[in-house]
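Working notes for the structure below.
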Ligand SMILES: Cc1cc2nc3c(=O)[nH]c(=O)nc-3n(C[C@H](O)[C@H](O)[C@H](O)COP(=O)(O)OP(=O)(O)OC[C@H]3O[C@@H](n4cnc5c(N)ncnc54)[C@H](O)[C@@H]3O)c2cc1C
């Protein structure tokens, strides 16, 4: 008998599994990748404190902890459906159906695609794929690259490519279109980058942080934004240039670009081709919530959290009995926060299962507080308004489920 | 067809931006109908890459649709599986 099935062996899933097991539950973890760690595996960056965040080490640490707790981890297994009969969840996988009263869905995030003409050529990849190839598989993605799309993930991965000795020639924007939406509008992009100054140690962005929060300054800043870009760790960030097409016969050979105005409109006659042998498309992240959707969980669209997220409480419960969530499925944030949420979910599950010692409520409060603390100290924040997004979803929970349950109890 | 129209949106079924855009414009329909009419998102991978784009095209064409309004409708299986797997034949 399994008590808890955890779907996803990223930081949230592993931390959740560990805290379930510590509280006396029997846990199985499933992940479709060949090794545990999730998106942690690709991460490598220096925190403002100077300390290095080495995702592979963090994953190994979590994996060891999980092994000490005799947690059964199955890699290379995909979950393709999740449904409930009377009292247990059925987790359908390519190695058969597993059953348990509790399920923790910690499937993380996925990247937004931004199609660009020529994007089916070999040598074009998402920026996340470049991260995995470089840091997990140790494969050189190319010799001379161009990143299309300027966001925090692109900066983080640019640094990682540079650390691996891979040359990224420039970062440009995608052409403005219904598909790229505001990823193609220089002023909007500038605004979203303001809280990434520490990742992009460049005078203009640092200057930006204080000045460019004002819309007037921002417009002015974009108007006079140098054509050659500003340097991000040596790589020009060209917010006034858009990629029109990726060129090449059998593989990537270059990118056709053009200058754009402050609003992202192409300025005719400024077309220019830059050579490249690989191109990374950086469209940003959204919560990967498919499994909670097929399970029948209601959703709310919260832009600050990256898209549609399943209704959930701060204790990581969903409205469906026995179904819990943690990590990026609840909103896009960094690995440490996912871990803290996983711990919260694990304790929460133990509490529902009637496990854990008498101080389980205290532990749960402590774990929830810890999520806030970790968030306040986060080195990477994908959306500056994330705390607001979190508040919205917890308020929604109180309105829909919290109070309702209270009154039901009063009546019943 | 210019390069933008020939841009492949759904790789599994090889559906182009031009096709999806023209169909959306003609029928001003839901994402689901657009999928059924063009087959974008109905291939092997189950729309894992292109569903976002199909939704965005609808948003840009059908008045009063916002990203948040398009319901998050997923159907199992959410990963490609063999008939054997669905039939619980795990040999
Ligand atoms: C491409 C990419 C790059 C990122 N880079 C950074 C970075 O540099 N720094 C940073 O702080 N954050 C980064 N993030 C954010 C990252 O999501 C969080 O840091 C953190 O890893 C989230 O943890 P998680 O446990 O919620 O999900 P993840 O770490 O994504 O783990 C989820 C796991 O679930 C598995 N899974 C999903 N669906 C299924 C299924 N149906 N069946 C079986 N297994 C499944 C996946 O294989 C994966 O291992 C990145 C995210 C992505 C997508």
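Coordinate-derived values only; no laboratory data. The model shown is predicted, which means the values in this text are computed figures rather than measured ones. Neighbour counts run over all protein chains shown; Cβ positions are idealised from the backbone, glycine included.
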Chain A: angle of helix A:360-376 to the longest principal axis, Cα-based, in degrees nearest 10
10 degrees
Principal-axis tilt of helix B:51-61 within chain B, Cα atoms, nearest 10 degrees
20 degrees
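Give me the Å³ per residue figure for the convex hull around the C-alpha atoms of the protein assembly as shown.
Numbers: hull volume 85.0 nm³, N = 503.
Residue-normalised Cα hull volume stands at 169 Å³.
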Who wins for biggest fluctuation among A:243, A:353, A:326 in a Gaussian network model of chain A, springs between alpha carbons below 10 Å?
A:353
Between B:35, B:25, B:73, where does the largest GNM mean-square fluctuation fall for chain B, given springs only between Cα atoms within less than 10 Å?
B:73
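Just to check, using Stokes-Einstein with a Kirkwood Rh over alpha carbon pairs, what's the diffusion coefficient of region A:343-392 at 20 °C and 1.002 mPa s in µm²/s?
Using the Kirkwood radius from Cα pairs, D works out to 175 µm²/s.
For A:75, A:297, B:50, A:20, what ranking results if the residue with the fewest other Cβ atoms within 10 Å of its Cβ goes first?
A:75, A:297, B:50, A:20
Using only the Cα atoms of chain B, construct the convex hull and provide its projected area averaged over every direction, in square nanometres to one decimal.
6.7 nm²
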Quick check on chain A: helices-only [θ] at 222 nm, where DSSP H runs of length 4 and up contribute -39,500 (n - 2.57) each and the sum goes over total residues. Nearest 500, please.
-9500 deg cm²/dmol
Defining a contact as two alpha carbons under 8 Å apart and six or more residues distant in sequence, what relative contact order in percent does chain A show?
19 percent
How many angstrom lie between the Cα centre of region A:277-326 and the Cα centre of region A:336-386?
17 Å
Provide a whole-number value for the mean count of partner chain Cβ atoms within 10 Å of the Cβ atoms in peptide A:304-315.
1
Can you give me the convex hull volume of the Cα atoms of region A:278-354, divided per residue and expressed in Å³?
104 Å³
When B:82, A:107 are arranged by how many other beta-carbons sit within 10 Å of their Cβ, fewest first, they go B:82, A:107
Using R₀ = 45 Å, calculate the FRET efficiency as 1/(1 + (r/R₀)^6) where r is the Cβ-Cβ separation of residue B:11 and residue A:365; round to 0.05.
0.40
Would you mind telling me which residue in A:52, A:89, A:119 has the biggest mean-square fluctuation in a Gaussian network model of chain A, where springs connect alpha carbons within a distance under 10 angstrom?
A:52
Once you have the alpha carbon radius of gyration of region A:1-90, what is it after dividing by 2.2 N^0.38 Å, with N set to its residue count?
1.20
Neighbour-count ranking for B:55, A:3 (other C-beta within 10 angstrom, fewest to most) reads A:3, B:55
Report the Cα centroid-to-centroid distance between region A:89-123 and region A:1-51 in angstrom, as an integer.
16 Å
Stokes-Einstein D for region A:113-279 at 25 °C, 0.890 mPa s, Kirkwood Rh over Cα pairs, in µm²/s?
154 µm²/s
What's the angle, to the nearest 10 degrees (0 to 90), between helix A:55-68's Cα axis and the longest principal axis of chain A?
10 degrees
Tell me the Kirkwood hydrodynamic radius of region A:258-406 in angstroms, computed as one over the mean inverse distance between distinct C-alpha pairs.
17.6 Å
